[in-house]
Amino acid sequence: MTIDLFSDRAFYTKLVHISLPIALQSLMLALVAASDAFMLGHGDQNSMAAVSLATQIQFVQNLFLGGIISTTTILGAQYWGKKDHDSLNFIFALGLKCAFLVSFLFFIACRFFPAALMHIFTNELILIEIGTKYLQIASYSYLLTGCSQIALVILKITDHAHTAALISSLTVILNIILNALLIFGLFGLPVLGAQGAASATLIARIIELAACSVVFCHINKTHFVPGDLLRQHPLLLKDFITCMLPLLGAHLVWGIGFTSYTAFMGHMGTDPAAANSIASVVRDLVCCLCNGLAAGAGIVVGNELGAGQLEKGKCYGDRLFIIAIICGLASTLLMLISTPIVLHYIKLTSAAQKTLKGMMLIMSFYMIGRAINSILINGIFDCGGDTLFDMYSLAVTMWGIAVPLAFLGTFIFHWPALIVYACTCLDEVGKIPWVVVHYKKYKWVKDLTR
């Protein structure tokens with residue numbers, strides 16, 4: 001079958017209109033982690049490594065929030081395509097309640113048990129001490145994250161992706177400025193180091209939530225009111241839970257495995273931990289484009305499926321399949337180009353520098369699989385309710401292959417850090433053939449609305 005890739009101007013206009021702001025938002029969020037790593041790394045390698053390990057707690061929180069946010073996006077996009085605002089409001093209310101509950105639980109854990117959490121990721125006492133102080137302050141920002149993220153999702157769904165991106169971008173710029181002021185103690189402020197990075201994040205999150213609340217109340221195209229939080233709708237609740245559980249399972253299966261990769265590096269010493277923290281930041285920056293395309297694909301295709309235009313949704317999916325391959329190759333090229341730049345500007349020990357160079361080269365091959373799988377699985381499959389595949393594939397490729405090999409290499413066979421790191425990258429690359437075959441079955445071409 002010949003795919004008409006370039007002639008549909010309306011498709012590309014809508015895809016760019018949604019994906020580009022989301023990619024920018026993803027980039028800006030990644031820049032916060034990058035600024036933490038670069039600023040802390042400029043003065044103290046241990047502070048950089050400790051904060052990188054401590055923020056894995058928020059990464060785990062984001063896994064739970066990711067399942068909730070993805071469900072809100074999938075169902076919300078289809079009901080927005082169907083122009084059923086009443087159902088969309090109920091979905092939004094459910095998302096808010098679930099996100100706040102998750103955020104509250106992580107706040108309690110990080111505020112009162114930070115040292116115990118740090119012990120999960122490293123046995124280096126200096127890293128545990130720095131990370132504990134960071135988490136005690138950052139915990140308050142974790143309390144706010146869920147609500148602001150759900151509000152931003154609704155803005156994206158209701159054709160205000162550019163507004164959501166603007167809020168995130170301005171918040172990130174503020175966060176980076178505050179990082180510089182509080183980490184280095186500029187303009188007479190005290191030098192706070194890692195605690196300064198946590199304080200900057202907290203202030204930025206407070207302002208982000210306030211901005212989301214003001215903008216959402218001003219736009220509010222669905223006429224959402226606080227009373228919607230108390231409404232009951234058994235059928236939509238059942239749909240929400242049915243959609244969320246596989247997504248939540250997939251996020252947790254992926255995220256816990258991904259977090260274990262960081263823990264493996266943390267247990268191999270300060271040099272591999274520091275190198276991995278930089279490699280992770282660069283990976284997140286390069287992944288911004290495929291993250292934006294995955295989110296845009298989910299909304300664009302989901303709108304058509306929700307409107308009952310199944311063939312049109314399938315056609316859009318076929319185009320996005322080719323775009324995913326192009327994005328993967330571009331991401332690999334970008335990773336290779338960025339390697340000498342990162343090595344030049346990052347201040348590490350010679351051993352950590354050598355390890356980082358090897359990690360960047362390994363990751364360049366990893367990026368092909370990451371881009372293709374993100375757009376197909378998290379974008380196209382999920383938007384049509386085909387949410388179980390992700391969990392199955394992760395159970396096999398990540399937990400059946402990558403995690404066991406990396407665990408054995410770290411704790412049993414004591415392989416070099418780069419061999420262990422290569423093992424952690426096997427899951428995305430090994431999953432590609434399976435993902436392509438599953439895509440061609442077109443199980444994702446479904447209307448989920450009632």
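A few remarks follow.
- Selected residue (criterion: farthest from Ser47 (Cα to Cα)) from residues of the range 298-322 that are exposed (fewer than 15 other Cβ atoms within 10 Å of the Cβ) and either touching a Pro at 6+ places or on another chain (Cβ under 8 Å) or in contact (Cβ under 8 Å) with a residue 12 or more places away in the chain (or both): Gly308
- Ala23 at pLDDT 85 or above and either surrounded by fewer than 24 Cβ atoms within 10 Å (Cβ to Cβ) or not in a helix (DSSP H, G or I) (or both): no
- Filter result for the condition that a residue is open to solvent by less than 60 Å² (accessible area, probe 1.4 Å), in contact with a Phe, Trp or Tyr (Cβ under 9 Å, 6 or more places away or on another chain), of a type in the set (A, V, I, L, M, F, W, C) and not in a helix (DSSP H, G or I), over Phe224, Phe240: Phe224
- Of all residues in the range 108-128 being within 15 Å of Ala273 (Cβ to Cβ) and free of Cβ contacts under 8 Å to residues at least 40 places away in the same chain, the one that is surrounded by the fewest Cβ atoms within 10 Å (Cβ to Cβ): Leu125
- Output for the range 385-435, where each listed residue is open to solvent by 10 Å² or more (accessible area, probe 1.4 Å), of a type in the set (A, V, I, L, M) and touching a residue at least 60 places away in the same chain (Cβ under 8 Å): Leu388, Met391, Ala395, Val403, Ala417, Leu418, Ala422, Val429, Ile432
- For the range 280-292, filtering for residues that are closer than 20 Å to Ala352 by Cα and surrounded by fewer than 21 Cβ atoms within 10 Å (Cβ to Cβ) leaves 2.
- Test: residue in the range 254-263 that is assigned to a helix (DSSP H, G or I), open to solvent by 30 Å² or more (accessible area, probe 1.4 Å), more than 18 Å from Ala422 (Cβ to Cβ) and in contact with a helix residue (DSSP H, G or I) (Cβ under 8 Å, 6 or more places away or on another chain): yes
- No other residue among Ala10, Ala33, Ala109 is modelled with pLDDT of 85 or more and of a type outside the set (D, E, K, R) apart from Ala109.
- Filter pass, Gly269 being under 14 Å from Gly384 (Cβ atoms) and out of contact with any Pro (no Cβ under 6 Å at 6 or more places or on another chain): no
- Filter result (at pLDDT below 90, crowded, with 17+ Cβ neighbours inside 10 Å and not aliphatic (A, V, I, L, M)) within the range 436-448: Trp444, Asp447
- Scanning the range 215-251 for residues being over 29 Å from Ile380 (Cβ atoms) and under 25 Å from the mean Cα position of the chain (by Cα) gives a total of 1.
- Selection from the range 153-172 of residues that are crowded, with 21+ Cβ neighbours inside 10 Å, under 14 Å from Ala204 (Cβ atoms) and not β-branched (Val, Ile, Thr): Ser168
- Only one entry in Ala295, Ala351 is touching a helix residue (DSSP H, G or I) at 6+ places or on another chain (Cβ under 8 Å), closer than 22 Å to Val153 by Cβ and open to solvent by 20 Å² or more (accessible area, probe 1.4 Å), namely Ala295.
- Enumeration of residues in the range 344-371 that are under 15 Å from Leu285 (Cβ atoms) and among the aliphatic types (A, V, I, L, M): Ile346, Leu356, Met359, Met360, Met363, Met367, Ala371
- Only one entry of Ile325, Ile368, Ile337, Ile372 meets the criterion of being hydrophobic (A, V, I, L, M, F, W, C) and free of Cβ contacts under 8 Å to residues at least 24 places away in the same chain, and that entry is Ile337.
The values are calculated or read from the model by the stated rules, or taken from the named source; none is laboratory data. Predicted, not measured: the structure shown is a model, and the values here were computed from it. A quick note on method: Cβ atoms are made from the backbone with ideal geometry, for glycine too, and the neighbour counts reach across all protein chains shown. Just so you know, the surface numbers come from the protein's heavy atoms only, side chains and all, with ligands and any DNA or RNA stripped out. Shrake-Rupley method; radii C 1.70, N 1.55, O 1.52, S 1.80 Å.
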